[in-house]
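What follows is a single structure, written as structure tokens, with notes after it.
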There are 2 protein chains.
Amino acid sequence: MRAEILAIGTELLLGQIVDTNSAWIAEQLAASGIDCLFQTRVGDNVERIVEALETALGRCEAVVTCGGLGPTQDDVTREAIAAVMGVALRRDPALLAGIEAIFAARGREMAASNARQADLPDGATPIPQRRGTAPGLICPVGDKVVYALPGVPDELHEMLKRAVLPDLRRRAGEQAVILSRTLRTWGISESRLAELVEPRIEALDAAGPGAPTIAFLASGIEGIKLRITVKAAGSDDARAQLDEEEGRLRDLLGEAVFGVGDETMERAVGEALLRRGRTLALAESFTGGLIASRIVALPGASRWFRGALVAYATPVKHELLALSDGPVVSAEAAAAMAEGVRRLLRADVGLATTGVAGPDPQEGLPPGTAYAGVAVGAAPAEGLALRLSGSRERIRQIGSISALDALRRRLLAGA
Amino acid sequence: MRAEILAIGTELLLGQIVDTNSAWIAEQLAASGIDCLFQTRVGDNVERIVEALETALGRCEAVVTCGGLGPTQDDVTREAIAAVMGVALRRDPALLAGIEAIFAARGREMAASNARQADLPDGATPIPQRRGTAPGLICPVGDKVVYALPGVPDELHEMLKRAVLPDLRRRAGEQAVILSRTLRTWGISESRLAELVEPRIEALDAAGPGAPTIAFLASGIEGIKLRITVKAAGSDDARAQLDEEEGRLRDLLGEAVFGVGDETMERAVGEALLRRGRTLALAESFTGGLIASRIVALPGASRWFRGALVAYATPVKHELLALSDGPVVSAEAAAAMAEGVRRLLRADVGLATTGVAGPDPQEGLPPGTAYAGVAVGAAPAEGLALRLSGSRERIRQIGSISALDALRRRLLAGA
């Protein structure tokens, strides 16, 4: 089974936005055992979308499009697919009622143009929306198929997983179950990780086709991921294989593995705190609320998170955290901030960050100089140097995760 | 003159890396007045690269490829272009000497495979490297042309600007400049925006080809953007047209326009505060540090940002913000938090958020119920209801920008 991806939007052709959707879709297709040999981007132009769809359908069995399903005149994906199918658009009353209900629920008036989102090529099946207003489409073209998804990543992700991948697998007649699981690591370089895992990869390669595979996924700021993929006759067998492989990798990598799948570092920290019945307070300087916002993104964080002081201006550190005079970017200051904030917010555990995010130096220190402070239990608070580099944004992001990791390791060490 | 972009690399098809090169090249082509109607991605496979090149050359006059010029077996762009040209590869002695010299200068031994990088399709002109080892290629195909560039962004950027754009402009025999500018809006639905702008779009359409164009870009949570694109004989003329069109759109949209290009809402707030010489403190509940982290991402925020209290646990609101007993999700509580935090952090202006991010209700209120509190000057602090819906993440993100927008509008109103 071969599929192609067609990203639609003039802003892509002008380079005004980077097409991240195609990479995400490609990853999902690969993990489902579906080959993707070409990806194309085209503007909001019926004729050229038709041309791109026809070229793609001449080479493969299924095309996944993203974008061009909005309510404005620009959004012509529906028209183009109808032309390729050789059918007319018809307005679907049930879809229209659904869109009207969404607007009513939000207490907003629906503009007439939104009704266009209820138009379907004759013979297409809608994929109901769960997050926005534009439904997706499953459009048969002879014995082939075009899936049309919205360009908004959230909506796209949910629809692809819920409706497109199952339909593709069914069409592929795929009996085997392909499952994958991702282990997330922090604090080990990619080359060191490769060294540690290489013997296992070689053993699996030697076991021949049908054996699990292991792939490295560098995922920007969120650490390095290891993806295990297995193919088996049934789900139970597939899961058992995943469990076994996960166990082997954890033996090789130890504490560097902080989560599985979409488990974040802050979730690992939250679980460690909950198990110990402890609450957390943060004092953030150069991370500026990033750690707090990651934590608050977790439903249920209120069980263990008290709050944070973003002590951005230096006087705030002195006044509210009782930081003594002297440099504010130091291991000692980080430790004192952690101690100060757990007192201020009456939490069991304090975590603090202080550092230079750049672009300019501070206190004579170059961007990237940064410390985490950790105050746990009765022991004196500790300050740890973090190793950071890159842009202001990267320093803040990596600094946030590094500080959380410092706390996670401290909690695991039984502090 | 029409050009296409072909990004080459199996890792793109597997979604392991996001193709940022194509967007960058597209932006450069657009700025040079060269239309780009299709972009394609293909794996490291001679046959399919040939197919993609032939498809592209059937539709346009020039193709820019990136990737697949490295020294390994995977790198087959040279072979594919030679096949499309119908010629053989020959090893260029001058290029080979250049590559050997680079290795010698770095004190490294050159692997035999690196010699492949000195191979040229017969009739192609090399683009000498200035940063890496792989030269680029200018490859005539009849009266059309294929430019092959390395996939390393640094090397690609330098070669495109130095060799490809000048050659393309010369071939195009025209000096038209295409410029675009994006206006960012908040607080108006896409459909309402379309209604307001429609008369202007129709007038421009009626003015025929060569007139500016206006397009809507939905950009997820960051509001709706309007992109103006103009084509003119020179940069000055193009900029004047952009200025005029921007003025007309601002007249139609008023305060809904908060920025241009990559100007964020927090930057608009920061500028309004700086102009008034005021400092800001935040009290964040359901937004949980998101507003602070957006602000701290701005270099220079320390001139106007004091800090934030993320008052996540309810007792923290009472203890540190002197919030009186009663519901914490209300307009009154938001106003009191804004007043409390500007006192606590000794700032001129206070901004607060309180609300239900979900998934569970709080105080009997459904997710999406939320308020911003704004304390400016001597007037009593105000609490404003925000209209939010969707996932927890979406509620927090949209809530953050909506709260900043409430403050921006209040400052613009001269409070």
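The values are calculated or read from the model by the stated rules, or taken from the named source; none is laboratory data. No experiment lies behind these values; they were computed from the predicted model shown. Here Cβ is always computed from backbone atoms with ideal geometry, including for glycine, and neighbour counts include all displayed protein chains.
Worth a mention:
- Wholly within the stretch B:277-350, helices (runs of 4 or more DSSP H) carrying at least 2 residues that are at the interface with chain A (Cβ under 8 Å from one of its Cβ atoms): B:290-296, B:314-321
- Residue match in the stretch B:175-187 (condition: more than 12 Å from every other protein chain (Cβ to nearest Cβ), among the hydrophobic types (A, V, I, L, M, F, W, C), under 21 Å from B:Arg250 (Cα atoms) and outside any loop (DSSP other than H, G, I, E, B)): yes
- Only listed residue being of a type in the set (Gly, Ala, Ser), within 14 Å of another protein chain (Cβ to nearest Cβ) and in a strand (DSSP E or B), chosen from A:Ala403, A:Ala385, A:Ala375, A:Ala370: A:Ala370
- Sub-6 Å Cβ pairs linking a first residue in the stretch A:158-170 that is free of Cβ contacts under 8 Å to residues at least 40 places away in the same chain to a second residue that is of a type outside the set (Lys, Arg) and surrounded by 20 or more Cβ atoms within 10 Å (Cβ to Cβ), at least 6 apart or interchain, are A:Met159/A:Ile127; A:Met159/A:Gly136; A:Met159/A:Leu149; A:Ala163/A:Ile127, ordered by first then second residue.
- Of the listed requirements (1) modelled with pLDDT of 90 or more; (2) surrounded by fewer than 17 Cβ atoms within 10 Å (Cβ to Cβ); (3) at negative phi, B:Pro153 misses just one: (1).
- The stretch A:7-32, residues that are closer than 24 Å to B:Ala31 by Cα, touching a helix residue (DSSP H, G or I) at 6+ places or on another chain (Cβ under 9 Å) and within 10 Å of chain B (Cβ to nearest Cβ): A:Ala7, A:Leu12, A:Leu13, A:Leu14, A:Gly15, A:Gln16, A:Ile17, A:Val18, A:Asp19, A:Thr20
- Taking the listed residues A:Asp35, A:Asp44, the one that is in contact with a Lys or Arg (Cβ under 6 Å, 6 or more places away or on another chain), acidic (Asp, Glu) and more than 7 Å from every other protein chain (Cβ to nearest Cβ) is A:Asp35, with no other qualifying.
- Single unsatisfied condition, B:Glu79 versus (1) touching a strand residue (DSSP E or B) at 6+ places or on another chain (Cβ under 8 Å); (2) within 9 Å of chain A (Cβ to nearest Cβ); (3) part of a helix (DSSP H, G or I); (4) surrounded by fewer than 21 Cβ atoms within 10 Å (Cβ to Cβ): (2)
- Residue in the stretch B:406-413 that is in a helix (DSSP H, G or I), among the basic types (Lys, Arg) and at the interface with chain A (Cβ under 10 Å from one of its Cβ atoms) present: no
- When we screen A:Glu284, A:Glu263, A:Glu332 for residues that are within 23 Å of A:Leu386 (Cα to Cα), in contact (Cβ under 8 Å) with a residue 60 or more places away in the chain and surrounded by fewer than 18 Cβ atoms within 10 Å (Cβ to Cβ), the only hit is A:Glu263.
- Any chance B:Glu195 is at pLDDT 95 or above, part of a helix (DSSP H, G or I) and within 14 Å of chain A (Cβ to nearest Cβ): no
- For the residues A:Glu263, A:Glu245, the requirement of being charged (D, E, K, R) and at pLDDT 95 or above singles out A:Glu245.
- Filter pass, B:Gly270 being more than 8 Å from chain A (Cβ to nearest Cβ) and out of contact with any helix residue (DSSP H, G or I) (no Cβ under 9 Å at 6 or more places or on another chain): no
- Residue match in the stretch A:67-74 (condition: away from every other protein chain (no Cβ under 12 Å) and either under 15 Å from A:Cys139 (Cβ atoms) or modelled with pLDDT under 95 (or both)): no
- Checking each residue in the stretch A:109-129 for being part of a helix (DSSP H, G or I) and buried (at least 17 other Cβ atoms within 10 Å of the Cβ) picks out A:Ser113, A:Asn114, A:Arg116, A:Gln117, A:Ala118.
- Hey, B:Ile214 within 14 Å of chain A (Cβ to nearest Cβ) and buried (at least 24 other Cβ atoms within 10 Å of the Cβ) or not: no
- Criterion violated by B:Val164 - all others in (1) touching a Phe, Trp or Tyr at 6+ places or on another chain (Cβ under 7 Å); (2) within 12 Å of chain A (Cβ to nearest Cβ) satisfied: (2)
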